[in-house]
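Participant: Got a structure for you, written out below as structure tokens; questions coming shortly.
The values are calculated or read from the model by the stated rules, or taken from the named source; none is laboratory data. Computed from a predicted structure; not experimentally measured. Cβ sites come from the backbone with ideal geometry, for glycine too, and all protein chains shown count toward neighbours.
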């Protein structure tokens, strides 16, 4: 059978790493953690925590990354879960290789993201990638809202698996704490909560009061979020 290559696109301060844990714990899935990150840092020159180590450990040629992601799945497993950040897909990167992947979009209220992050970085929006996938694939790719997901992880995962044509397994809900060999080298900077986790965190309301000096950022991204939110899995 043709392997299922799942590209899950997310922004920062979301539940994307916990999602990676869930798919890895299935047992039938290989996972990869932000494979375009090294190229993103090398191309933009941005200073992120662990920048030199990330570039040294990763692949800085996006063409080689694309070839890997659309090539053989590690260990011959039937599912390959690929965790991506939308802003890593820089404008100069070709899009045709995306046709070889099955796309899922993980969204979160931008106000909660901004309040958590309190800075913005140049990025390709999830809306742009979504429209490309929709136009090329002829259908609506699944969209998951992180807030709604955390209220009912099992129901959401069952719905996603059904959408993808695979069986749900309860193994996706619980996993052992600690690091993984598949974690990016940046894990020590960003993954403290996930490293302690054994499952998805319970839902709790987040602060969405945006400082006035950042309101223009929210105004620019809310239309895209609202478009995607209207198409979310329910």
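Participant: Taking into account only those residues within the range 170-196 that are part of a helix (DSSP H, G or I), modelled with pLDDT of 95 or more and surrounded by fewer than 17 Cβ atoms within 10 Å (Cβ to Cβ), which is nearest to the chain's Cα centre (by Cα)?
Facilitator: Among those that are part of a helix (DSSP H, G or I), modelled with pLDDT of 95 or more and surrounded by fewer than 17 Cβ atoms within 10 Å (Cβ to Cβ), it is 195.
Participant: Now for a separate question. In the range 1-34, which residue that is in a loop (DSSP other than H, G, I, E, B), in contact (Cβ under 8 Å) with a residue 24 or more places away in the chain and out of contact with any strand residue (DSSP E or B) (no Cβ under 8 Å at 6 or more places or on another chain) is farthest from residue 166 (Cα to Cα)?
Facilitator: Taking the range 1-34 as the starting set, the residues that turn out to be in a loop (DSSP other than H, G, I, E, B) are 1-3, 11-15, 25-28, 34.
After this cut, where a residue has to be in contact (Cβ under 8 Å) with a residue 24 or more places away in the chain as well, the list is 1, 3, 11-15, 25-28, 34.
Subset that is out of contact with any strand residue (DSSP E or B) (no Cβ under 8 Å at 6 or more places or on another chain): 1, 13, 27.
Values: 1: 13, 13: 28, 27: 13 Å.
So, considering only residues that are in a loop (DSSP other than H, G, I, E, B), in contact (Cβ under 8 Å) with a residue 24 or more places away in the chain and out of contact with any strand residue (DSSP E or B) (no Cβ under 8 Å at 6 or more places or on another chain), the one farthest from residue 166 (Cα to Cα) is 13.
Participant: Any residue in the range 197-211 that is part of a helix (DSSP H, G or I) and modelled with pLDDT of 85 or more?
Facilitator: Checking the range 197-211: not a single residue is part of a helix (DSSP H, G or I) and modelled with pLDDT of 85 or more.
Participant: For residue 167, indicate whether it is within 18 Å of the chain's Cα centre (by Cα) and loosely packed, with under 11 Cβ neighbours inside 10 Å.
Facilitator: So residue 167 fails the test.
Participant: Out of all the residues in the range 127-164, which are surrounded by fewer than 17 Cβ atoms within 10 Å (Cβ to Cβ), assigned to a loop (DSSP other than H, G, I, E, B) and touching a residue at least 12 places away in the same chain (Cβ under 8 Å)?
Facilitator: 140, the sole residue that qualifies.
Participant: Residues that are out of contact with any helix residue (DSSP H, G or I) (no Cβ under 8 Å at 6 or more places or on another chain) and surrounded by 15 or more Cβ atoms within 10 Å (Cβ to Cβ): does the range 55-71 have at least one?
Facilitator: no
Participant: Go through the range 35-55 and give me each residue that's without any contact (Cβ under 8 Å) to a residue 12 or more places away in the chain and assigned to a helix (DSSP H, G or I).
Facilitator: Hits for the range 35-55 are 51, 52.
Participant: Taking the residues in the range 88-126 that are part of a helix (DSSP H, G or I), modelled with pLDDT of 85 or more and touching a helix residue (DSSP H, G or I) at 6+ places or on another chain (Cβ under 7 Å) as candidates, determine which candidate is nearest to residue 17 (Cα to Cα).
Facilitator: 88
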